[in-house]
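First the structure, in the form of structure tokens, and then the observations on it.
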Amino acid sequence: MSVEWVKQNIHGFGGDPDRITISDQSCGSASVDYWAYAYQSEPLVAGLISHSGTALSFTTNNRTTAAKQWYAVSVQLGCGSSGDVLPCMRKQNASAILAAASALKVPSTNSARKSPAFQPTVDNVTIFDNYTLLSQQGKFARIPYLVGHNSNEAGFYKIASYAQGSKLTDKQWDDFNMQTFFCPSNLEAAHRSRQHTPVWRFQYNADWENTRLYPSSGAHHGVEFNMIFGESAEITGIVESDAQR
């Protein structure tokens, strides 16, 4: 609905309705890629940009799993395990709901790759159940796509892991980078290229003193937005280097 509004009204702000590009990062980046599949025949936009995340990066929930997780939380909050528990859930404190949801155990393929209990739910209208197959079959909007990741995405996630007392090996972090970011970007780019869809793939490598989270964080998850929206000297107190300028 928001994109439709922009397309209908952007001319009033000096914009061109035929040159709209949607872009986002991480889970939002995956949502950008979801768009290409949900609006395959009528994408409304002229191009897509995915920073660190594609439709292949994160898991989805089927309806059965979504309902199971929903009722697991509602039981913890005393709202029952079946039927219409929504009125009761609406009375619960947001922090209590978050705590109950966070306590749910979700299977993971990697110690660093832990999925939340609630993911986008497959309806086969906006969210589909097999993006790998759809990508291989070319069932996406044939519009220009820029997709990529940062060279050390895990540099961001290591902070939360450390705070939780988790000690992972370099191999586990490398697997996390590959499974979640590197391989999904590569596959989406390759499948689009095979369908003669304009596509570009990037890897962001810049590691600046005033964008580091800690000395070895490198080009971590989200760091490229400092270059897009402005440097972080106001936060770190470290001015841009000559090379950075």
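Numerical summary
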read-out: Residue in the stretch 67-83 that is part of a helix (DSSP H, G or I), closer than 26 Å to VAL32 by Cβ and not aromatic (Phe, Trp, Tyr) present; value: yes
read-out: Residue ID - nearest to THR169 (Cα to Cα), chosen from residues in the stretch 68-115 that are hydroxyl-bearing (Ser, Thr, Tyr) and modelled with pLDDT of 95 or more; value: SER95
read-out: Matching entry among GLN76, GLN69, GLN92 (being in contact with a helix residue (DSSP H, G or I) (Cβ under 6 Å, 6 or more places away or on another chain) and farther than 30 Å from GLY15 by Cβ); value: GLN76
read-out: Selection within the stretch 191-214 - modelled with pLDDT of 95 or more and not basic (Lys, Arg); value: HIS191, SER193, GLN195, HIS196, THR197, PRO198, VAL199, TRP200, PHE202, GLN203, TYR204, ASN205
read-out: Counted residues, the stretch 9-24 - those being touching a residue at least 12 places away in the same chain (Cβ under 8 Å) and surrounded by fewer than 19 Cβ atoms within 10 Å (Cβ to Cβ); value: 6
read-out: Qualifying residue in the stretch 101-121 (condition: of a type outside the set (A, V, I, L, M), under 30 Å from TRP5 (Cβ atoms), in contact with a Lys or Arg (Cβ under 7 Å, 6 or more places away or on another chain) and in contact (Cβ under 8 Å) with a residue 12 or more places away in the chain); value: yes
read-out: Scope the stretch 197-212; condition surrounded by fewer than 17 Cβ atoms within 10 Å (Cβ to Cβ) and part of a helix (DSSP H, G or I); matching residues; value: GLU209
read-out: Within the stretch 150-166, tally of residues that are in a helix (DSSP H, G or I) and either at pLDDT below 95 or hydrophobic (A, V, I, L, M, F, W, C) (or both); value: 9
read-out: Hits in the stretch 49-64 - residues which are in contact (Cβ under 8 Å) with a residue 12 or more places away in the chain and among the hydroxyl-bearing types (Ser, Thr, Tyr); value: SER50, SER52, THR54, SER57, THR59, THR60
read-out: Residue check, ASP18 part of a helix (DSSP H, G or I) and not hydroxyl-bearing (Ser, Thr, Tyr); value: no
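Residue-wise test of (1) closer than 22 Å to SER26 by Cβ; (2) surrounded by fewer than 13 Cβ atoms within 10 Å (Cβ to Cβ); (3) in contact with a Phe, Trp or Tyr (Cβ under 8 Å, 6 or more places away or on another chain).
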{"residue": "ALA66", "(1), (2), (3)": "yes, no, yes"}
{"residue": "GLN69", "(1), (2), (3)": "yes, no, yes"}
{"residue": "VAL75", "(1), (2), (3)": "no, no, no"}
{"residue": "MET89", "(1), (2), (3)": "no, no, no"}
{"residue": "ALA100", "(1), (2), (3)": "no, no, no"}
{"residue": "PRO107", "(1), (2), (3)": "yes, yes, no"}
{"residue": "ARG113", "(1), (2), (3)": "yes, no, yes"}
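The values are calculated or read from the model by the stated rules, or taken from the named source; none is laboratory data. Remember, predicted model here, so these are calculated numbers, not experimental data. When we count neighbours, we look across all protein chains shown, and the Cβ atoms used for this are built from the backbone with ideal geometry, even at glycine.
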